[in-house]
Amino acid sequence: MIYKFFKLVFQTQNFFMYLNPNPADFIFISKHDHCEVRQNKDNQHKSLFANTAFKVGDQIATFDASKIVDTPNYLTVQISETKHIHLFPAYLQYINHSCEPNVLFNTTTMQLECVSDIKVGDELCFFYPATEWRMAQQFVCNCGRPSCVGLIQGAADTDSAILKKYKLTDFIKSMAAQYKSLLLLF
């Protein structure tokens, strides 16, 4: 019964996060430098898991754009007001949302950065508003974590008190400062 409690699955629309995942629930898909893609046997959803431990500040992977688009979608990471990138290497697209993230797509250095210690077997997750000013589709997070934000939407629509709790990309910090300056004018 204890295992069932810890097998809590976060699912909203097409977003999943596995808390304390049982490796037997997944099919191995592909291995990469420090992580591997696994697919859930029940729902076919793919996630990225660490096969190396990381400490806060470690650089996990270098990323780039395989494609640049002008509108966000569920697979893109925002790098400017008008640029959203599809990730390269492509396996990084399997990093899902969490209200208690362990990685950040640092769009200034183009490094996947560890923001919370990661053990072997942990799922890699990031806080979507940390990289997205406006999101293509908002969703209700059901992660059940004490810090769960509830409605996940772009940073523009997320309370500043919530954003202050997270490491944000330089782009999001810049947009938040501009937005705050505009509000002071009125």
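The values are calculated or read from the model by the stated rules, or taken from the named source; none is laboratory data. Because the structure is predicted, anything quoted here is derived from the model rather than measured. FYI the Cβ positions are ideal-geometry reconstructions off the backbone, even for glycines, and counts take in every protein chain you see.
For the stretch 59-74, enumerate the residues that are assigned to a strand (DSSP E or B) and either within 13 Å of the chain's Cα centre (by Cα) or hydrophobic (A, V, I, L, M, F, W, C) (or both).
Residues satisfying the conditions are 60, 61, 65, 68, 69.
Evaluate the following for residue 104: is it aliphatic (A, V, I, L, M), under 22 Å from residue 31 (Cβ atoms) and either touching a Pro at 6+ places or on another chain (Cβ under 8 Å) or not in a loop (DSSP other than H, G, I, E, B) (or both)? If you could, list the steps in order and put the result at the bottom.
On the way: aliphatic (A, V, I, L, M): yes; under 22 Å from residue 31 (Cβ atoms): no; either touching a Pro at 6+ places or on another chain (Cβ under 8 Å) or not in a loop (DSSP other than H, G, I, E, B) (or both): yes.
Considered against the rule, which asks whether it is aliphatic (A, V, I, L, M), under 22 Å from residue 31 (Cβ atoms) and either touching a Pro at 6+ places or on another chain (Cβ under 8 Å) or not in a loop (DSSP other than H, G, I, E, B) (or both), residue 104 comes out as no.
A single entry from 77, 56 fulfils the requirement of being surrounded by 12 or more Cβ atoms within 10 Å (Cβ to Cβ) and assigned to a strand (DSSP E or B): 77.
Selection of the stretch 80-96 for residues being crowded, with 21+ Cβ neighbours inside 10 Å and either assigned to a strand (DSSP E or B) or of a type in the set (Gly, Ala, Ser) (or both) yields 84, 85, 87, 96. Residue count for the stretch 137-169 satisfying the condition of being under 26 Å from residue 109 (Cβ atoms), within 16 Å of the chain's Cα centre (by Cα) and modelled with pLDDT of 90 or more: 13. Scanning the stretch 126-151 for residues that are touching a helix residue (DSSP H, G or I) at 6+ places or on another chain (Cβ under 6 Å) and either polar (S, T, N, Q) or in contact (Cβ under 8 Å) with a residue 60 or more places away in the chain (or both) returns a single hit, 134. Against the test of being assigned to a loop (DSSP other than H, G, I, E, B), of a type in the set (A, V, I, L, M, F, W, C) and surrounded by fewer than 15 Cβ atoms within 10 Å (Cβ to Cβ), the options 149, 120 yield a single qualifying residue, 120. Kindly indicate which of 112, 168 is among the aliphatic types (A, V, I, L, M), assigned to a loop (DSSP other than H, G, I, E, B) and crowded, with 16+ Cβ neighbours inside 10 Å. Going through 112, 168 in turn, the sole match is 168.
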